[in-house]
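K.L.:
Below: one structure in structure tokens.
The values are calculated or read from the model by the stated rules, or taken from the named source; none is laboratory data. On a predicted model such as this, the values are computed, not experimentally measured, just so you know. Note that we place each Cβ from the backbone using ideal geometry, even for glycine, and neighbour counts take in every protein chain shown. Note: areas computed on protein heavy atoms with side chains; ligands, DNA, RNA excluded. Shrake-Rupley method; radii C 1.70, N 1.55, O 1.52, S 1.80 Å.
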Amino acid sequence: MIARGEEPSRIRVSVVRFAPGARNAWHAHSVGQTVHVTEASGSSRHARESYRDPPGDTIHTPPGEWHWHGATPDRFMTHLAMWDAPAEGPETEWGALVTDAEYRGER
């Protein structure tokens, strides 16, 4: 984590780097999240849509929306992940690992 706000700020900022083909698990942020892609292209999938995220793209995920992030099969991907911690309770709820079929965009 590169920034962790102190009250009254509750901002969190992390640099996340994915190896080719890597992705995290399904998850939801209680107060939402913004991701800014800084290097290469990535993939993200929200409950209903998938995206290709080129460098410079900024993606906002609303509070409670299930999604995941990852690199494309052949390139590393780096992004800044920014979110606020809630006043109480967990910041993130983690779910199941992303399957190969989900990663490929199959429903």
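K.L.:
According to a simple spin-label model (label point 7 Å from Cα along Cα-to-Cβ), what is the distance in nm between Ser41 and His60?
P.N.:
Computed distance between label sites His60 and Ser41 equals 2.6 nm.
K.L.:
Would you mind working out the accessible area per residue for the range 56-107, using a 1.4 Å probe, and quoting it in Å²?
P.N.:
About 60 Å² of surface per residue is accessible.
K.L.:
Among residues other than Met1 whose Cβ falls under 12 Å from its Cβ, what is the net charge (Lys/Arg +1, Asp/Glu -1)?
P.N.:
Net charge in that neighbourhood comes out at +1.
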